[in-house]
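Notes follow the structure.
The values are calculated or read from the model by the stated rules, or taken from the named source; none is laboratory data. The structure presented is a predicted model; accordingly, all values stated were derived computationally and were not measured. So basically every Cβ, Gly included, is an ideal-geometry build from the backbone, and we count neighbours across all protein chains shown. Only protein heavy atoms, including side chains, enter the accessible area calculation; ligands, DNA and RNA are left aside. Shrake-Rupley method; radii C 1.70, N 1.55, O 1.52, S 1.80 Å.
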Amino acid sequence: MRSVESLRKQIEGIIEQSLGNVSIVVEINEETIISKNSEREMSSASLIKIPIIMAAFQQAELGKIDLEEKIEVKPDHKVGGSGVIQYLTEGTLLSVKDLLTLMIIVSDNTATNMMIDLVGQETINYFNKQIGCNHTRLERRLMDYVARDMGLDNVTSASDMVIFLKEIVENQFLTSKSTYEILNILSGQQFQDKLPAMMDSDHVFVANKTGEIPGVEHDVAIIRHNDDQVFMAVLIDQLENQYEGKQIIARTGKAVYDYLIQ
């Protein structure tokens with residue numbers, strides 16, 4: 001018979017083994033299983049792409065942007081890091097929705113910067129505050145090392161990430177059509193080496209978004225099995241070994257998975 005208390009102790013045991021600094025929230029069926037350092041702000045890495053896609057869909061609802069509009073990929077759009085657009089032919093036309101999709105499922109940095117330019121940094125940060133995510137700020141474009149060296153960074157917290165995930169399901173600020181499309185995009189995530197790494201995708205539904213930069217490993221997810229629904233965010237920084245961080249997150253995901261399928 002499954003036990004919430006047993007799961008809590010198991011997760012505590014896993015994160016205590018991390019050499020990095022762990023911030024975590026796990027909520028199952030509206031019950032908080034564990035919350036540790038949940039409001040501590042840290043570099044968001046690619047998790048910042050979640051509020052960007054949500055703000056973009058809100059702007060589409062307001063008629064400010066058109067998800068079907070085609071945007072030409074120009075040489076000055078392209079940046080390094082994760083993604084595929086940097087390798088595409090110059091002049092390629094992609095719709096706003098295609099760019100948002102690539103931003104999430106392959107964490108495309110070029111697509112992300114194009115969406116920041118389109119939606120607007122102030123608009124994205126206003127959306128964050130609107131839904132109560134006061135620890136999440138977009139301060140610079142991705143791969144902007146000049147801004148980083150000036151002390152600007154994109155930040156978030158585990159508690160904020162769970163608020164974003166819950167909005168995708170509960171659609172209090174976005175329409176159900178928008179949240180359905182966002183959830184569908186998240187479920188197409190190609191990076192499965194953290195929270196879903198040791199889950200059987202035939203048994204659970206997972207929609208997740210990872211983030212990583214040197215010293216940082218993150219993953220956040222919506223997980224469903226039968227009538228159970230999980231919102232979880234595991235953020236780790238101050239890592240000396242990236243693989244160790246991935247393993248802590250994967251083992252945390254496995255603990256939740258085992259609880260769900262009992």
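Loop-located GluC sites (Glu not before Pro) across the stretch 191-245 with a Cβ neighbour count of 14 or fewer within 10 Å are Glu240, with loop assigned by DSSP. Largest first, the extents of the alpha carbon coordinates of the stretch 88-129 on the three principal axes equal 37, 20, 15 Å. For the stretch 10-140, the dipole from Cβ point charges (+1 on Lys and Arg, -1 on Asp and Glu) about the Cα centre works out to 280 debye, to the nearest 20. Between Gln238 and Met150, what's the calculated FRET efficiency when r is the beta-carbon distance and R0 is 22 Å? Round to 0.05. That pair, Gln238 with Met150, gives E of 0.50.
Residues considered: Lys97, Lys177, Lys166. Largest GNM mean-square fluctuation over the chain, using C-alpha springs under 10 Å, is found at Lys177.
Between the alpha-carbon centres of the stretch 1-62 and the stretch 227-262 there is a gap of 9 Å. The separation of the stretch 171-219 from the stretch 107-140, counted between C-alpha centres, amounts to 18 Å.
Across all Cα pairs in the stretch 1-76, the calculated P(r) in 10 Å bins from zero up to the longest distance comes to 14, 27, 25, 18, 14, 2 percent per bin. Based on alpha-carbon atoms, the Kirkwood radius and the radius of gyration of the stretch 116-174 give Rg/Rh equal to 1.02.
Take the eigenvalues of the Cα gyration tensor for the chain, scale each by 5, and report the square roots as semi-axes in whole Å, largest first.
30, 20, 17
Model label sites at Ile261 and Glu90, defined 7 Å from Cα along the beta-carbon direction, differ in position by 5.0 nm. Seen from all directions on average, the stretch 150-262 presents a Cα convex hull projection of 8.1 nm².
Per residue, the accessible area of the chain comes to 44 Å² when a 1.4 Å probe rolls over the protein heavy atoms. If you run the Gaussian network model on the chain, springs between alpha carbon atoms under 10 Å, then out of Glu167, Glu12, Glu68 the most flexible one is Glu68. Mean residue ellipticity, 222 nm, helices only, the chain: the sum of -39500 (n - 2.57) across DSSP H runs of n ≥ 4, divided by residue count and rounded to 500, is -12500 deg cm²/dmol.
Counting only protein heavy atoms and a probe of 1.4 Å, the accessible surface of the stretch 34-119 is 48% carbon and sulfur.
Note on the chain: with a GNM built from Cα contacts shorter than 10 Å, the maximum mean-square fluctuation among Gln121, Gln172, Gln189 falls on Gln172.
Give me D for the stretch 60-128 in µm² s⁻¹, whole number, from Stokes-Einstein with Rh from the Kirkwood sum over alpha-carbon pairs, 20 °C and 1.002 mPa s. After rounding, the answer is 174 µm²/s.
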